[in-house]
Amino acid sequence: MDPVGPFPVTPSEFVWRPRPKFQDRIWLHVLLFVLTIATTTAAGIFHYLLFIGSDLPPGSSLPSFNVSLIWHGLSYTITILAILGCHEFGHYLTCRYYDVDASLPFFLPVPISLTGTLGAFIRIREPIPSKRTLFDIGIAGPLAGFAVAIPALFVGISMSRLVRVPPDTGGLEFGEPLLFKLVIWLIWGTRAAGYDIALHPIGFGAWFGLLATALNLFPAGQLDGGHITYAVLGRRSSYVTLAVVAAAIGLCFLSITWVVWTVLMIAMLFAFGPHHPRTFDEEVPLDTTRRWLALLALVILVLCFTPVPFSKF
């Protein structure tokens, strides 16, 4: 709250006005977005070189850097930023609809990485008053991002290639969510032994979009899935949060790639506690339509989840 009026004044003369909502440092959001375009384009060029290299004869050299590589790299950038951007703007626009103060999306660039980004997020700067509002804000992001990821997945898989995997070659293998497997089967049929899909950058962008959607839908704490679960179960959602964190610890023994995510979830548990912030209508059940949407969110989580995101072969 900001005091306004002539000074000096006595306390009884203070006039208080609410701090304006939806006020952002636009330059910071634009800067992070531009940097994320750069880092994801670099990652996209790397994935395009892997893609064309999968079809070259042994001993052949990859093309040297040229302008066309940038355009191929941008195909990944457009894909992943469309998925992440629609996800976050789904949250943001729903916050605007309910007049809940929130920031514009912060995109997180990561240079020299497989993805070029750690995703994006918005800051909600005031308590969310009701379960319906919380539910709508929580589910809007995953639904919007998933709606973009589906066509991107079909386009990316159709532009990919079925290639023979040479024996005794080291490399990184990406886990395949159920939806990913289904789209591959619809487009390429059953893969013969010794053959695999060489992903086009658009396909990799869709794959990462599915993974990001699954992570956000984990029904724990302050994640989107945690908001949805609290809106459905109320205080009982705390038990779900603890169970999900325990499951994440178990996943670390299955794949080391879960360690960072699990550490973040445990840190969130210690920082905010196992209980979701209360709404004034905690005991009021959600309506039937929102319960069906919560079930849809669970189905999307199952379709997008893979127990081993990365592995060596």
Original post:
Which members of segment 39-76 meet the condition of being in contact with a strand residue (DSSP E or B) (Cβ under 9 Å, 6 or more places away or on another chain) and at pLDDT 85 or above?
Top reply: 39, 40, 43, 50, 51
Original post:
If you check 243, 248, 231, 294, which single one turns out to be small (Gly, Ala, Ser), more than 25 Å from residue 76 (Cα to Cα), at pLDDT 90 or above and surrounded by fewer than 18 Cβ atoms within 10 Å (Cβ to Cβ)?
Top reply: 243
**OP:** Return the total of residues in segment 109-161 being more than 23 Å from residue 37 (Cα to Cα) and in contact with a strand residue (DSSP E or B) (Cβ under 6 Å, 6 or more places away or on another chain).
**Re:** 2
**OP:** Only helices (runs of 4 or more DSSP H) wholly contained in segment 207-313 count here; list those with 2 or more residues that are of a type in the set (Ser, Thr, Tyr).
**Re:** 224-233, 237-254, 288-304
**OP:** Would you tally the residues in segment 113-152 being part of a loop (DSSP other than H, G, I, E, B) and touching a residue at least 24 places away in the same chain (Cβ under 8 Å)?
**Re:** 11
Original post:
What residue, among those in segment 176-201 that are surrounded by fewer than 20 Cβ atoms within 10 Å (Cβ to Cβ) and part of a loop (DSSP other than H, G, I, E, B), is modelled with the highest pLDDT?
Top reply: 176
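Only one of 155, 100 is β-branched (Val, Ile, Thr), surrounded by fewer than 20 Cβ atoms within 10 Å (Cβ to Cβ) and touching a residue at least 24 places away in the same chain (Cβ under 8 Å). Can you tell me which?
Only one candidate qualifies: 155.
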**OP:** Search segment 268-283 for residues that are touching a residue at least 24 places away in the same chain (Cβ under 8 Å) and pair each with any residue that is of a type in the set (D, E, K, R) and assigned to a helix (DSSP H, G or I) when their beta-carbon atoms are under 6 Å apart and the residues are at least 6 apart or on different chains.
**Re:** 279/131; 281/131
Subject >> Per-region count, segment 261-310, residues closer than 30 Å to residue 173 by Cα, touching a Leu at 6+ places or on another chain (Cβ under 9 Å) and of a type in the set (A, V, I, L, M) >> reply: 10
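The values are calculated or read from the model by the stated rules, or taken from the named source; none is laboratory data. What you see is a predicted model; the values in this text were computed from it and never measured. Here the Cβ is made from the backbone with ideal geometry for all residues, glycine too, and neighbour counts use every protein chain on show.
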